[in-house]
Amino acid sequence: MIVTSHNDGWKIITQRSHGLLSAMLAFQFEIDLPNEIMVPTLIAIAEHDDGVAETE
């Protein structure tokens, strides 16, 4: 979980959102890999924190 404070209170990004954001960022690099490598890699990035409780 990513937590930051700002003028109106707190901005909280959950573990799931953090993982999806990470995968979206990785996809933007446009790395030239075959789909059978790239797709599982992006899935692994997106799900890398799924075992962590949302409150941790």
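Filter the stretch 29-56 for residues that are closer than 20 Å to SER17 by Cα, assigned to a loop (DSSP other than H, G, I, E, B) and at pLDDT 95 or above and give the result.
Listed by number, the list is empty, since nothing qualifies.
Given the conditions (1) loosely packed, with under 12 Cβ neighbours inside 10 Å; (2) in a loop (DSSP other than H, G, I, E, B), which single one is not true for LYS11?
(2)
Yes/no per residue for (1) touching a helix residue (DSSP H, G or I) at 6+ places or on another chain (Cβ under 7 Å); (2) on the phi > 0 side of the Ramachandran plot; (3) polar (S, T, N, Q):
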{"position": "ILE2", "(1), (2), (3)": "yes, no, no"}
{"position": "GLY9", "(1), (2), (3)": "no, yes, no"}
{"position": "GLY19", "(1), (2), (3)": "yes, no, no"}
{"position": "SER22", "(1), (2), (3)": "yes, no, yes"}
{"position": "ALA26", "(1), (2), (3)": "yes, no, no"}
{"position": "ASP32", "(1), (2), (3)": "no, no, no"}
{"position": "LEU42", "(1), (2), (3)": "yes, no, no"}
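Confirm whether ASP8 is touching a residue at least 12 places away in the same chain (Cβ under 8 Å) and of a type outside the set (S, T, N, Q).
It is false that ASP8 is touching a residue at least 12 places away in the same chain (Cβ under 8 Å) and of a type outside the set (S, T, N, Q).
The values are calculated or read from the model by the stated rules, or taken from the named source; none is laboratory data. Since we're looking at a predicted model, the values are computed, not measured. All Cβ positions, glycine included, derive from the backbone under ideal geometry; neighbour counts span all protein chains shown.
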